[in-house]
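The next block holds one structure in the form of structure tokens; read it before the comments.
Please treat every number below as a calculation from the coordinates, not as lab data. Computed from a prediction, not measured in an experiment: that's the story for all the values here. Please note: Cβ atoms are built from the backbone with ideal geometry, for glycine as well, and neighbour counts cover all protein chains shown.
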Amino acid sequence: MLLADEKVAFLEELRQSVRAVCKAFSDTYWREIDEHQAYPTEFVKALTDAGFLAALIPEEYGGSGLGITEASVILEEINRSGGNSGACHAQMYTMGTILRHGSDNQKRMYLPKIADGSLRLQAFGVTEPNTGTDTTNLKTTAVRQGDHYIVNGQKVFISRTEHSDLMILLVRTTPVEQVTKKSEGLSVLLVDLREAVGNGLEIRPIKTMMNHSTTELFIENLKVPVENLIGEEGKGFRYILDGMNAERILIASECIGDGRWFIERATNYANDRVIFNRPISQNQGIQFPIARAFINIEAADLMRVKAAQLFDEGKSCGAEANMSKLLAADASWEAANVTLQTHGGYGFATEYDIERKFKETRLYQVAPISTNLILSFVGEHVLKMPKSY
Amino acid sequence: MNIFVLVKRTFDTEEKIVVTGGAIQEDGAEFIINPYDEYAIEEAIQVRDAQGGEVTVVTLGGEDAEKQLRTALAMGADKAVLINTEDDLDELDQFSAAYILAEYLKDKEADLILGGNVAIDGGSGQVGPRVAELLGINYVTTITKLEIDGKTVKIVRDVEGDSEVLEAELPLLVTAQQGLNEPRYPSLPGIMKAKKKPLEELELDDLDIDEDDVKAKTTTVEIYLPAQKVAGRVLEGDLSDQVKELVSLLHSEAKVV
């Protein structure tokens, strides 16, 4: 499945342009951000100002109206440059819930501001401490009282809430015992974090292995206006699932970007590092693992392109999107490991940046979906074997 | 204000360049807009935004140069012109380039023409001034500041590290030096808009140019990469012996004293 020539040329132009923005943010920049567990505000601003985070927003709302293929190339190039898309990728696609299921009024009110960056919607509150991927069992509730919902509950590993103005929040509006299917009775609320914090919402940062600005949320009698309900009450689970395929493909792309960065670093280092009077790249023990990791990244890329094309054509792509995520996450992790091994002791030194990217790419084995759940999805839905959990 | 920018597609000198058989290998090489021309494009866009008017970017070369023109359009230029010499001319030199560009520009009533101070490949710095000469307009090279007030243009130019302040009148041709501005990179909306902007392709015939009239007046005899730097030598022993050895080496080996 080859892309048309014109599209290939456009994607190449897109890559060059993202690279031009990323070039101003050196290894040193990302290293310092990582060291201080800081948020890359300047980088996100540069990317926003250049319009890249508005790629998926239709032109009528101030974006560029591009597809997942283009968006995936943008995120790939950020990670390819040594940066970390995780800081801002959600600003690109979280708005999809409003775009697909929001009212005209909500779209007009929020999308143009999300497009120009004046409003940040990059927090997505689904995961809870005791339910995790068992989403339909979530415990956060919203009870309608007049013009408001009163929300109570707890969320965990919700990223970027401290760097977001709005948050998509999944809550149960009908108790589980009153619905016929567990997937019913969940609703999506748009929470204005600027008003909510201190008024029923408490955000606590979670320090993690890598710099990811993730947090824990404590929600107690938080009032959310009824007009902030997205779509219909009780249908929220389906709305959330709708965004999953896009997210899988985009995360796969970030892994591919990471993988390419690793391979470049490993190759350069192996060629430059001379031990016993020859470059270590001349040793098959060094050369072959790098070559194998490279091959796996290229293969994952093909699945990513296939999934993205299906998505953009409006065709079903659940299997491909999930498979591309698994292949890409495995390939980037393999490349990370190989690169660390190639660098020997230096790989552990922060100034080589390998350990930073190593930690970052490890996340994708677990988030936003664990590799095991992709295997169970493919086993059950593609291969028609029994549900394994 | 009718503004033209002369743009050249060049090798990215940050990438590795391979020379075989007296020619630079194009396969695998990266191509960019000559960085000095990027200053010219940026300045043209800023002048247009302040004064109104239109920016047209012009280049000479083959179809591959369309990519660089598209980038200039994505940065904010309004129109692009590719004078395609691929079929007519095997080689261009500064004379041919200036002649063709001047023929194109002569009836365009340009108020301001900008170019890079030099191209990072050939590095002659001749084309801009020669075009101005052929058009019979003034030119100022290596500019680092440009202020336009009506017909009067106030310019600061770099003179080997010092600054010279000049005043000139439109129409004018200037060539850009590093420091003139900070060229923007194309934004995503810019790239999208560029798809719809006009890119005109012309051949020598369209400009009524006979290819014999623009034959290169120079020939390139040889192209080679700079000699590889060899490791330095560290002298050893007593300081006075080292000085003696150094003087002797400067005399006998380096032949500089």
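Relative contact order of the stretch B:34-106, taken over Cα pairs closer than 8 Å and 6 or more residues apart, is 28 percent.
So if we plug the beta-carbon distance of B:Thr13 and A:Glu12 into 1/(1 + (r/R0)^6) with R0 = 22 Å, what FRET efficiency do we get, rounded to 0.05? Intermediate results must be reported in sequence, preceding the final value.
On the way: r = 20 Å, r/R0 = 0.93.
Working from the Cβ atoms, E equals 0.60.
When chain A is treated as a Gaussian network with alpha carbon springs shorter than 10 Å, the biggest mean-square fluctuation among A:Leu111, A:Leu373, A:Leu186 belongs to A:Leu373.
What is the order of A:Leu190, B:Leu166, B:Leu173, fewest Cβ neighbours within 10 Å to most?
Details: A:Leu190 21, B:Leu166 12, B:Leu173 25.
Ascending Cβ contact count within 10 Å gives the list B:Leu166, A:Leu190, B:Leu173.
Pairs over the 18 Å Cα-Cα cut-off, from the set B:Lys79/B:Lys197; A:Lys7/B:Lys67; A:Lys181/A:Lys235; A:Lys181/A:Lys223: A:Lys181/A:Lys223. Between the stretch A:182-241 and the stretch B:142-215, the C-alpha centres lie 52 angstrom from each other.
Per DSSP H run of at least 4 residues, take -39500 (n - 2.57); add these up for chain A, divide by its residues and hand me the 222 nm value, nearest 500 deg cm²/dmol. Intermediate values should be presented prior to the final figure.
Working: 13 runs with 186 residues, N = 389.
Calculated from helices alone, the mean residue ellipticity at 222 nm is -15500 deg cm²/dmol.
With contacts taken as Cα pairs under 8 Å at a separation of at least 6 residues, chain B carries a relative contact order of 23 percent. The alpha-carbon of A:Lys384 sits under 20 angstrom from the alpha-carbons of these aspartates and glutamates, leaving out residues fewer than 8 places away in its chain: A:Glu320.
Tell me the mean residue ellipticity at 222 nm calculated for chain B from its helices only (DSSP H runs of n ≥ 4, each -39500 (n - 2.57), averaged over every residue, nearest 500). Before the final figure, lay out each step's value.
Numbers: 6 runs with 69 residues, N = 257.
So the helix-based figure for chain B works out to -8000 deg cm²/dmol.
The 3J(HN,Hα) values that the Karplus relation (6.51, -1.76, 1.60; θ = phi - 60°) gives for the stretch A:219-231 are, in residue order, 10, 9, 6, 6, 8, 10, x, 4, 5, 8, 6, 9, x Hz. Gly and Pro appear as x. The GluC sites (Glu not before Pro) found in the stretch B:95-175 that occupy coil by DSSP, while having at most 11 further C-beta atoms within 10 Å, are B:Glu109, B:Glu160. Using a Gaussian network model of chain A in which every pair of alpha carbons under 10 angstrom is joined by a spring, one finds that among A:Ala319, A:Ala293, A:Ala328 the greatest mean-square fluctuation is at A:Ala319. Backbone phi angles across the stretch A:22-28, fed through the Karplus curve with coefficients 6.51, -1.76 and 1.60 (θ = phi - 60°), yield HN-Hα couplings of 5, 4, 6, 10, 7, 3, 4 Hz in residue order; Gly and Pro are listed as x. For the stretch A:279-379, the number of Lys pairs with C-alpha atoms closer than 19 Å, counting only pairs eight or more positions apart or on separate chains, is 5. Short-range pairs are left out: with C-alpha atoms under 8 Å and at least six residues apart, the relative contact order of chain A is 15 percent. Across the stretch A:362-367, computed HN-Hα scalar couplings (Karplus, 6.51 cos²θ - 1.76 cosθ + 1.60, θ = phi - 60°) run 4, 3, 6, 6, 10, 10 Hz from first to last residue, x flagging Gly and Pro. Fewest neighbouring Cβ atoms within 10 Å first, the residues A:Val378, A:Val73 line up as A:Val378, A:Val73. Starting from the Cα of B:Lys217, step 7 Å along the direction of its Cβ; do the same at B:Glu200; then give the gap between the two resulting points in nm. The two pseudo-label positions are separated by 2.8 nm. Largest GNM mean-square fluctuation among B:Val18, B:Val81, B:Val47, using chain B with Cα springs under 10 Å: B:Val18.
Nearest 0.05, what FRET efficiency do A:Val382 and A:Ile275 give at R0 = 45 Å with Cβ-Cβ as r? After rounding, the FRET efficiency stands at 0.45.
Loop-located trypsin sites (Lys or Arg not before Pro) in the stretch A:268-333 (DSSP state other than H, G, I, E, B) with a sparse environment of at most 14 neighbouring Cβ atoms within 10 Å: A:Lys315. Between B:Asn181 and any residue 5 or more places off or on another chain, the built amide H atoms are never under 5 Å apart.
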